[in-house]
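Trainee: Starting off with a structure, shown below.
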C-alpha cells in the first residue's frame, strides 16, 4: 500500500503567512507605482480593468463564446439547457429541475472545471456542480474552453472548462428589467435586474425565482403524468465595483441560491419519497490594477454550501455542509510587444461537515504555484504559450501539470491551432472519507490531452462566416470508479485507463442589414471513449464505450430577426448511449426541436418584449438517462419590461 504524503500544520501556517505577504506586496507596490509614476488621468467613458489568463494564455485552444443574443434567449433557463443545445458537450439530464451534469469529450462531470469569475466552484464532496442549479440570468458572459487546462485551473480541468463571468459596466446610468414567465405544468419564472453606474461606481442587483409543479406528460406504454417532481429555486446576486487612483478597480460580489425539489421515481418504481434542499452562499472580493505593461490582481473567495438529502423509504437522511476559502494572487508583465509573463499563487481550503463522515468534519488544503509565458511573433500571426502548475496538498500527491499551445495564422482567414496538456483530478472528499468504503489511499487521476484544429473566419460584404474543426485525444490513468464490493457496498478505486478521441465542428453564417439579421449555426461531435485496461479481473468494460457517452451528437441554431420581430429555432440530436459498462444495453437516439418567437415594442425609455416558446415541438418521446423520461411538448409565454435612464454628465 502506498504511503500518503503528509504535511504538518506548521508548514501550512507558514505558507499562509507567505501568501499574505505576496498579496500585501502586490497591492502596495502597485499603489506606490500609480502614485509615483502616473501623473495623467484616464478618460473613463468605458472602463474595463481586468486581466485574465483565460484570455491571454490559451493559445491553440478551441474556445467557444456564447453570443449575447443566444444568452438572452436562454435567460430563463439553466446552464445545462444552454450547453446541451448550443455546444457539442453532452449534458446528462435526469429531467427538469433534476440533476444535470456535463460530459466533455468522453469524460465525466468531475473532469470538468466550472469557474465563476476565475474561481472553481465545484463541490469538494461531490467533485461536480449540478448545472440545473446555475441560472443563466445572473451571468454576463459564458464561454467554453475545450481540452485540458489543469495548469490554469487546477483539479478537474481535464476535458474542458466552463467560464461564468460577471463584467462591471460604468457610465451606464440606470438600467432596469423585469421578466415574468408562465408555462406548462404550472411553471412560474421571474427575474429582475437593477443596475446603476457612473464613471467610478457600478451596482448591479439581480433577483430570480423559478418554480414548477413539474407534473409533465411522458410516454411509457401509455401517456402518463410525472409525480413527486415539483421544484423551486430562488436567489439573488449583488455586485459592487469601484474605480480609484485611475488604474485600480475593486469588485465585490455576493450570490445566494436556495432550492427545494422532489425526485420522481424511475420507471421501474411506482413511488418516491426522495427530496433535496440546497442552500448556497458565495462571496468574492477582487482587486485589479492595470497599466500598459503591469497587471496584478488579488482574489479572495468564500463559499458556504449546504446539501440535505432525504429518502424515508431508503432510510437516508444525509446532511452535508461545505466551506471553501480561496486566496489567489496573479500578476501579468508585458516585457515588450512579443513577450509576456504570468505568475500566480493560489491557496484553497475545503472543510466538509457531514453526518456521513466519522468524525463529522474533514479538511483538505492545497497550495498552487503557477507560471506562464506567452510569445507573439510575425505581427501576431504566431502566438504560443507555455504554462506550468505545481500543487501541494495535505491529502494526496499531486503531479506537476502544464500545457503548450500554438496558434498560427496561415492566411488571413485561416488559423491553425495545436495544444497539448498534462492534466489531473484530485479525489473528492467522498472518495477519500465516505464511511466504511472511503479510500484515503486513492491516487489522483492524471493523464495527457492534445488537440489540433483549423479555424476559418472571413466576411463578404454583409455576410460573415466562421467555421472550426478540431481533432482531440485524451488518455487518463488511475480513473476512479465506485466498484461494488462485499455486501453490495460500493467503494472508490483507481480502476481504469481510459482513452478518448474524436472530432468536433462548429460553424456559423451571419447576414446583417439595417433591419434584417439572419444567423445559421451548426455544431457536431464524434467521441470514441473506451476503457483500455482495468485493475478488476475479467472486467467486461475493457475496450467498450463508456456509459452515457454518445458517439454522435449535433446541434443546429437558426435566428431570424426583422425590425422588432425575432424567431429562434434550436435543434438537438443525440446518438446511441450505452447504459451498461459492458455495452449490452443502450438508449435510442433522439431529435428535439425548440421554437421561440418574440416581438419588441419600443417606447421613449421603456421597451416591452412579448415571447412565446414551444419546447419539444415534435412531441418526441425520449430518455437522456435510462428510466428517466423527459417531457413531451410544452409551452411558455413571457413578458419583459426594460427601462434605461442615461447619466446626464458622462
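Trainee: Suppose the chain between residue 505 and residue 461 were pulled fully straight at 0.36 nm per residue; how much longer would it get relative to their current alpha carbon spacing?
Mentor: Going from the current span to full extension adds 13.4 nm.
Trainee: Segment 574-650: D in µm²/s via Stokes-Einstein (Kirkwood Rh, Cα pairs, 37 °C, 0.692 mPa s)? Mind showing how you got there, number by number?
Mentor: Numbers: Rh = 16.2 Å.
Stokes-Einstein gives a translational diffusion coefficient of 202 µm²/s.
Trainee: Once the mean 1/r over all distinct Cα pairs of the chain is inverted, what Kirkwood radius in angstroms do you read off?
Mentor: Here the Kirkwood hydrodynamic radius works out to 26.2 Å.
Trainee: With each pseudo-label sitting 7 Å past Cα toward Cβ, what's the residue 543-residue 437 distance in nm, one decimal?
Mentor: Placing both labels 7 Å beyond Cα along the Cβ direction yields 2.9 nm.
Trainee: Note down the relative contact order for segment 448-535 as a percent, whole number, built from C-alpha pairs under 8 angstrom at least six residues apart.
Mentor: Relative contact order, segment 448-535: 27 percent.
Trainee: Another question, then. Using a Förster radius of 45 Å, what is the FRET efficiency between residue 375 and residue 313 based on their Cβ-Cβ separation? Nearest 0.05, please.
Mentor: 0.15
Trainee: Is segment 264-386 rounded, prolate or oblate when judged by the Cα gyration tensor, a ≥ b ≥ c being the square roots of its eigenvalues, rounded requiring a/c under 1.5 and prolate requiring a/b larger than b/c?
Mentor: prolate
Trainee: Now for a separate question. Using Cα-Cα distances under 8 Å and only pairs 6 or more residues apart, what relative contact order does segment 337-472 have, in percent? Please report the intermediate quantities before stating the final value.
Mentor: Details: 299 pairs, mean separation 22.7, N = 136.
Averaging sequence separation for qualifying contacts and normalising by length gives 17 percent for segment 337-472.
Trainee: Can you tell me the length gained on complete extension of the stretch residue 339 to residue 515, counting 0.36 nm per residue apart and subtracting the Cα distance?
Mentor: That pair, residue 339 and residue 515, stretches by 59.0 nm at full extension.
Trainee: In µm²/s, what is D for segment 229-295 at 10 °C and 1.306 mPa s, where D = kT/(6 pi eta Rh) by Stokes-Einstein and Rh is the Kirkwood radius from Cα pairs?
Mentor: In µm²/s, the coefficient is 102.
Trainee: In terms of the ratio Rg/(2.2 N^0.38 Å) built on C-alpha atoms, what value belongs to segment 261-315?
Mentor: Relative to the rule-of-thumb radius for its length, segment 261-315 sits at 2.16.
Trainee: May I pose another question? Could you give the nm distance between label points at residue 176 and residue 528, where each point is 7 Å from its Cα heading toward the beta carbon?
Mentor: 5.9 nm
Trainee: Mind jotting down the three principal axis lengths of segment 59-161 based on Cα atoms? Whole angstrom, largest first.
Mentor: So the three principal-axis extents are 34, 31, 24 Å.
Trainee: Hey, with R₀ at 30 Å, roughly what FRET efficiency would residue 605 and residue 188 work out to, going by the Cβ-Cβ distance, to 0.05?
Mentor: 0.60
Trainee: Restricting to DSSP H runs of at least four residues, report the calculated mean residue ellipticity at 222 nm for the chain, -39500 (n - 2.57) per run over all residues, nearest 500 deg cm²/dmol.
Mentor: Numbers: 6 runs with 56 residues, N = 650.
After summing the helix terms and dividing by the residues of the chain, the value is -2500 deg cm²/dmol.
Trainee: Provide the convex hull volume over Cα atoms per residue for segment 195-348, in Å³.
Mentor: Measuring per residue, one finds 185 Å³ for the Cα hull of segment 195-348.
Trainee: Then there is this: Tell me, what is the FRET efficiency for residue 292 and residue 612 to the nearest 0.05, using R0 = 45 angstrom and their Cβ-Cβ distance as r?
Mentor: So the FRET efficiency works out to roughly 0.35.
Trainee: Okay, next question. When only C-alpha pairs under 8 Å and at least 6 residues apart count, what is the relative contact order of the chain, in percent?
Mentor: 12 percent
Trainee: In nm, to one decimal, how far is the residue 169 label point from the residue 591 one, both placed 7 Å along Cα→Cβ?
Mentor: 3.8 nm
We did not get these values from a lab; they are worked out from the coordinates using the rules stated. In this text the structure is predicted, and so the values were computed from the model without any measurement. Methodologically, a virtual Cβ is constructed for each residue, glycine included, from the backbone with ideal geometry; neighbour enumeration extends over all protein chains shown.
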